[in-house]
Amino acid sequence: MNLKDYIRDVQDFPKPGIGFKDITPLLLNPQALKQGVEQFVKLVEGKKIDKVVSMESRGFFFGPLIANAIGAGFVPVRKPNKLPYETISQEYALEYGTDVLEMHVDAIQKGDKVLIHDDVLATGGTAEAVVKMVEKAGGEVVQLDFLIDLTFLNGKDKLEGYQINSLIEY
Ligand code: AMP
């Protein structure tokens, strides 16, 4: 079973010129979903992970499934003013302007071993911001696991020195 067969390309979404990688066909297929989780679990075999940290919102599909499968806790990273309790935040650059991501202050304990997960690695700006926020909170980033790496956007360049894995590459 090739997981790439379950990724749907949607042209010009959410705006003209963007080729959107729609992962919902993969989520919809029980065997593909199961295989995806199993492959993510394999990537951390033999490693101690305390928390899986995922970003809003498509990181929330596999993040909790991975956390559950490996016996780790799950931490949601969200857009500003979505989390109810006290937060720490990290600003990051967009193509035009900046954006902010937030995480609850008590989500990461000093020394926590952290796996960061998102659905797509594109330019790497989002993942870089999450790495900074986790480290600010005292966590240790063990690796970053993505479902999809859009390698032509060179997201890995922003994450030099970190172990990056993906199940599907374009
Ligand atoms: P970036 O910060 O450029 O690496 O963008 C990563 C974030 O944007 C991830 O949370 C993805 O969900 C989303 N994203 C960026 N490009 C795409 C794409 N072509 N298809 C689907 N999601 C994308």
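Here Gly111 passes the criteria (1) without any contact (Cβ under 8 Å) to a residue 40 or more places away in the chain; (2) open to solvent by 60 Å² or more (accessible area, probe 1.4 Å) except the one numbered (2).
One residue stands out among those in region 143-157 that are touching a Ser or Thr at 6+ places or on another chain (Cβ under 8 Å) and crowded, with 19+ Cβ neighbours inside 10 Å: the one that is nearest to Ala129 (Cα to Cα), which is Gly155. Any residue that is closer than 17 Å to Ile23 by Cα, buried (at least 21 other Cβ atoms within 10 Å of the Cβ) and among the β-branched types (Val, Ile, Thr) - is there at least one of those in region 115-125? Checking region 115-125: at least one residue is closer than 17 Å to Ile23 by Cα, buried (at least 21 other Cβ atoms within 10 Å of the Cβ) and among the β-branched types (Val, Ile, Thr).
Among the residues of region 127-143, those that are farther than 15 Å from Pro76 by Cα and in contact with a Leu (Cβ under 7 Å, 6 or more places away or on another chain) comprise Glu128, Val142, Gln143. Does Ile88 satisfy the condition of being in contact (Cβ under 8 Å) with a residue 24 or more places away in the chain, part of a loop (DSSP other than H, G, I, E, B), in contact with a strand residue (DSSP E or B) (Cβ under 8 Å, 6 or more places away or on another chain) and under 20 Å from Ala129 (Cβ atoms)? So Ile88 fails the test.
May I ask you to list the residues in region 44-85 that are outside any loop (DSSP other than H, G, I, E, B), away from the ligand (no atom under 11 Å from the Cβ) and among the small types (Gly, Ala, Ser)? Within region 44-85, Gly63, Ala67, Ala69, Gly73 meet the criteria.
The values are calculated or read from the model by the stated rules, or taken from the named source; none is laboratory data. Bear in mind that the values here come from a model prediction, so they are computed numbers and not experimental data. Every residue, glycine among them, receives a Cβ derived from its backbone with ideal geometry; neighbour counts consider all protein chains shown. The protein model used for the area step is the full one, side chains on, heavy atoms only, and it has no ligands, DNA or RNA in it. Shrake-Rupley method; radii C 1.70, N 1.55, O 1.52, S 1.80 Å.
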